[in-house]
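All remarks here apply to the structure that follows.
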Amino acid sequence: MLSGKGFKRLITIDHHITKEENLHPEATGEFTSLLNDLTLAVRIISREVRRAGLNDILGWTNTTNIHGEIRQKLDTYANEILKKAMSQGGHVCAFATEEDDEVTIVSSDKKSKYIILFDPLDGSSNINVNITIGTIFGIYKKLDIDKKVCESSDVLQRGRNLVAAGYALYGSSTLLVYSTGNGVNAFTYDPTIGEFLLSKSNMKIPQFGRQYSTNEGNAFFWDEKVKNFVDYLKTPNQDKRFPYDLRYIGTLIADMHRLLNYGGIYLYPANQKHPHGKLRLIYEVNPLVYILEQSGGIATDGKNRILDILPQQIHQRTPLFMGSPEEMALLNKFLNNTQTHN
Ligand code: AHM
Ligand code: MG
């Protein structure tokens, strides 16, 4: 007979969200309701991702998104579910998503004070081969909550203004990792009871790792300093940490989650193919970097802290270097020419 003795404390995500909101005496419950709508969308997307192989839902749609990429059916589905779930509570004033060319204004009611940015299904090239994909989200407040309609400045805020961010990973289990600025917590979905249960609290990235993650197929097009840095990581020296292992999934969110757990460095530099970097700043990079910084990690575009960049447009791209404090310090030495490797 099950005794339940072996269980750690069982904390559901709903319970956790409510507890965190109660830390703010001025809280109205709107934020809790917003996050609950979001976790509902994630549950539905997770169900469809799990069923996709059986449902004949996989395959190409005939449309392309603003980046010229062919959209897959699950991308479109996840986008629609998120928008539907997040619009119903009346708290959201605008969305920007990877799948839509323009910002969607949801409400011009004064009480609709949140702006949601998301990548509904990150890693879409991995969908057809059953490799981990995920959903990324970031939440801002309107800059002036007395104003009715959101303006472009509300959507194009610096990452440091995020009030919450997170991601769901559809991997060997469905995992939801989020932060509201009080540390990073991970919840694992139990489909038999329909609940996300706290599985890791107050996650911290290791001070250093021994893995690097990048699309090294682009190395020919990289800046010499970046090439030099990666060559250094691959060369044995007295430090047993070297040479580093290469790990690359090609789903940003999955590569980031491994980084968060094992430490090391992730890089997607600018290159001649992608002169401004490939990854999208406001709905892919900023939310992940917010989580990373909350866990003790560091992220830059090679010069500036990512969360300090003022976005100019919703689909803006950025180079990205992120990781543990030690690898990021080492990278900076190479970028500033205070260390080289031959
Ligand atoms: P997307 O699938 O949402 O369009 O995201 C772009 C993906 C990232 O998840 C991933 O890290 C990157 O593109 C991989 O790029 P590449 O194939 O150039 O290595
Ligand atoms: Mg993406």
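The values are calculated or read from the model by the stated rules, or taken from the named source; none is laboratory data. Predicted, not measured: the structure shown is a model, and the values here were computed from it. Please note: Cβ atoms are built from the backbone with ideal geometry, for glycine as well, and neighbour counts cover all protein chains shown. Heavy atoms of the whole protein, side chains included, go into the accessibility calculation; ligands, DNA and RNA do not. Shrake-Rupley method; radii C 1.70, N 1.55, O 1.52, S 1.80 Å.
Residues of region 214-237 that are part of a loop (DSSP other than H, G, I, E, B), more than 14 Å from ligand 1 (Cβ to nearest atom) and under 19 Å from residue 337 (Cα atoms): 223, 234, 235.
Give the residue that is surrounded by the fewest Cβ atoms within 10 Å (Cβ to Cβ), with candidates limited to residues of region 242-276 that are small (Gly, Ala, Ser) and touching a residue at least 60 places away in the same chain (Cβ under 8 Å).
The selected residue is 250.
Matching residues to (1) modelled with pLDDT under 80; (2) not hydroxyl-bearing (Ser, Thr, Tyr):
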site	(1), (2)
2	yes, yes
7	yes, yes
16	no, yes
25	yes, yes
32	no, no
41	no, yes
45	no, yes
48	no, yes
55	yes, yes
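Yes/no matrix, rows are residues, columns are (1) more than 16 Å from ligand 2 (Cβ to nearest atom); (2) in contact with a helix residue (DSSP H, G or I) (Cβ under 7 Å, 6 or more places away or on another chain); (3) at positive phi; (4) part of a loop (DSSP other than H, G, I, E, B):
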site: 168; (1), (2), (3), (4): no, yes, no, no
site: 172; (1), (2), (3), (4): yes, no, no, yes
site: 193; (1), (2), (3), (4): yes, no, no, yes
site: 197; (1), (2), (3), (4): yes, no, no, no
site: 205; (1), (2), (3), (4): yes, yes, no, yes
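Reported count of residues in region 138-158, each being within 11 Å of residue 93 (Cα to Cα) and either open to solvent by 70 Å² or more (accessible area, probe 1.4 Å) or outside the structural domain of residue 179 (by TED's automatic domain parsing) (or both), is 4. The single condition from (1) modelled with pLDDT under 95; (2) within 19 Å of residue 169 (Cβ to Cβ) that residue 250 fails is (1). Being within 16 Å of ligand 1 (Cβ to nearest atom), in contact (Cβ under 8 Å) with a residue 12 or more places away in the chain, under 15 Å from residue 159 (Cβ atoms) and not aromatic (Phe, Trp, Tyr) is a property that holds for residue 289.
Filter region 242-274 for residues that are outside any helix (DSSP H, G or I) and within 16 Å of ligand 2 (Cβ to nearest atom); which is farthest from residue 210 (Cα to Cα)?
274
In region 298-318 there is no residue that is without any contact (Cβ under 8 Å) to a residue 60 or more places away in the chain, crowded, with 23+ Cβ neighbours inside 10 Å and within 12 Å of ligand 1 (Cβ to nearest atom).
Can you confirm whether residue 228 is open to solvent by 20 Å² or more (accessible area, probe 1.4 Å) and within 25 Å of the chain's Cα centre (by Cα)? Spelling it out, it is not the case that residue 228 is open to solvent by 20 Å² or more (accessible area, probe 1.4 Å) and within 25 Å of the chain's Cα centre (by Cα). Only residues that are part of a loop (DSSP other than H, G, I, E, B) and surrounded by 17 or more Cβ atoms within 10 Å (Cβ to Cβ) were counted across region 174-191, and they come to 2. Residue-level check: of (1) surrounded by 17 or more Cβ atoms within 10 Å (Cβ to Cβ); (2) under 15 Å from residue 212 (Cβ atoms); (3) modelled with pLDDT under 95; (4) of a type outside the set (A, V, I, L, M, F, W, C), residue 239 misses just (1).
Here region 89-113 is the region considered, the condition is being more than 10 Å from ligand 1 (Cβ to nearest atom) and open to solvent by less than 10 Å² (accessible area, probe 1.4 Å), and the residue that is farthest from the chain's Cα centre (by Cα) is 112.
For residue 286, the stated conditions do not hold, so it cannot be described as assigned to a helix (DSSP H, G or I) and more than 28 Å from residue 121 (Cβ to Cβ).
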